[in-house]
Amino acid sequence: MEARAPGVIKLFGEHAVVYDRLAVAMAIDKYAYAKVEKAGAGLSIALLDLGKARNFSEKELESIYSSYFAKDSIPDQKGKTEHILKFIGENSAVDADLLPFAVIASRIYKQYGAGLVGCKVEIRSDIPTQKGFASSASCYTAFTLAMLDTLGISLGHDEIIEIARDGERVRHKNEGAGKIDVNTSYYGGFVSYRGSSGAKKEKEINAGIVLRAIDTGPKKSTAEMVARVRELYENNREYADYLLDRIEGCSTRGIAALKRDDAEGLGKIMDENHSYLRMLGVSSESLENAIALTKTAGGLGAKLSGGGGGGIAIAVTKDHDTLERELKSHGYINYPLGVSKDGALLIRR
């Protein structure tokens, strides 16, 4: 059997979400896949795109489980994150790309009494990696869904999401990781998120919008960009709050524009949101150049997506062909991104 889960882009609210403001994400029509077969001994996990594979015995899964989930006895998020870092160091013999899957498998094995031995899992993806499309979250979501179905384990949505988030926690070395990305990959469509209230699927949005993704080149790490905003926040809180509040306003009005399927209105809000992100200091020359080109080609609006400092910009346009030619003529790789309304699902073979 096989499961698939879509990639994710951030539409509005980058960086502001760290300070309990509203953010909006969209599931995209590029997918990660996890295929499970009954074969061999132990649990075999293969990452086909990376050419990596490993077999895990019951004993190894038990060790990983007891080591990782000792964090459950730690009351605060900071302490849990420190435990995850320690856990990763203690399990350095396991490849860093495979360890998150092993953690997810160990939880399914120990908490739900699943017979994982004899399962062969192959993971592949058509989502560009390290570009801000939540490729890792999509892989963990597909893997979790496929494993649970193969083993006949029926769980609620929240439980499935929590299990998949363990992969993100290990991957990103942070207890809080995966809240937006896994929820959006799992539910599909559009998801809003605020730290104090959690994730919400925006069921009233039926827009079939197609965005243009623009690869502006190498990006700085998200951690570095988050630290840059934190420095501004600590040194000039009044100004930072002014920008963060206005970014939240873009999220709120962006949801309303999506509900109206208003491309022109959405584009204007994206332009506004990007201007605030620029003032926060998380844009880059490559992002600004690409966004300026979208205007030359008649684009309706554009902004960075994700942590910034380079990476991906997204644009709204009524003329994809003209925008594609203009960007391509200046050396920018770009492609359309549609909405994945279904989210994660099973593909029975």
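Rule-based calculations on the coordinates, nothing more; no lab input. In this text the structure is predicted, and so the values were computed from the model without any measurement. Positions of Cβ are backbone-derived with ideal geometry, glycine not excepted, and every protein chain shown enters the neighbour counts.
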Once Glu264 and Asn174 are pulled to full extension, the length gained, defined as 0.36 nm per residue separation minus their Cα-Cα distance, is 28.6 nm
Here, Ala70 and Val226, labelled 7 Å along Cα→Cβ, have an inter-label distance in nm of 2.4 nm
Would you kindly calculate the mean projected area, averaged across all directions, of the convex hull enclosing the Cα atoms of the chain, in square nanometres? 17.3 nm²
Cα-based Rg of the range 1-158 per 2.2 N^0.38 Å, rounded to two decimals? 1.09
Could you give the length gained on full extension between Lys59 and Asp319, defined as 0.36 nm per residue of separation minus the Cα-Cα distance, in nm? 87.9 nm
Give me a comma-separated list of calculated 3J(HN,Hα) values for the range 237-249, in order, Karplus coefficients 6.51, -1.76, 1.60 applied at θ = phi - 60°, integers in Hz, x for any Gly or Pro. 4, 4, 5, 4, 4, 4, 5, 5, 5, 6, 5, 4, x
Rounded to the nearest whole Å³, what is the per residue volume of the convex hull around the Cα atoms of the range 226-349? 147 Å³
What are the GluC sites (Glu not before Pro) within the range 262-349 that DSSP puts in a loop, where the Cβ has at most 14 other Cβ atoms within 10 Å? none
Compactness of the range 101-187 - radius of gyration and Dmax, Cα, Å: 12.4, 37
Test of understanding: what is the full-extension gain from Asn289 to Gln77, defined as 0.36 nm times their sequence separation minus their Cα-Cα distance? 72.4 nm
Under a point-charge model restricted to the Cβ atoms of Lys and Arg (+1) and Asp and Glu (-1), what is the dipole moment magnitude of the chain relative to its Cα centre, in debye to the nearest 20? 300 debye
Listed residue (Met279, Tyr239, Ala315) projecting farthest to the positive dipole end of the chain, Cβ model: Ala315
Amide hydrogen neighbours beyond the local backbone of Leu11, cut-off 5 Å, H modeled: Val24, Ala25, Met26
Rg over Rh, two decimals, the range 21-72 (C-alpha only, Kirkwood Rh): 1.14
The range 157-183 scanned against label point 7 Å out from Asp95 along Cα→C-beta; backbone N under 16 Å for 171
In a Gaussian network model over the chain where Cα atoms closer than 10 Å are linked, find which of Ala25, Ala256, Ala199 has the largest mean-square fluctuation. Ala256
Out of Ile153, Ile108, Ile180, a Gaussian network model of the chain with alpha-carbon springs under 10 Å gives the largest mean-square fluctuation to Ile153
Given charges at beta-carbon only (K, R positive; D, E negative), |dipole| of the range 164-225 in Debye: 60 debye
Going by how many other Cβ atoms sit within 10 Å of their own, how do His83, His330 line up, fewest first? His330, His83
Please tell me which of these pairs span more than 31 angstrom C-alpha to C-alpha: Lys10/Lys328; Lys110/Lys131; Lys10/Lys38; Lys38/Lys78? Lys110/Lys131; Lys10/Lys38; Lys38/Lys78
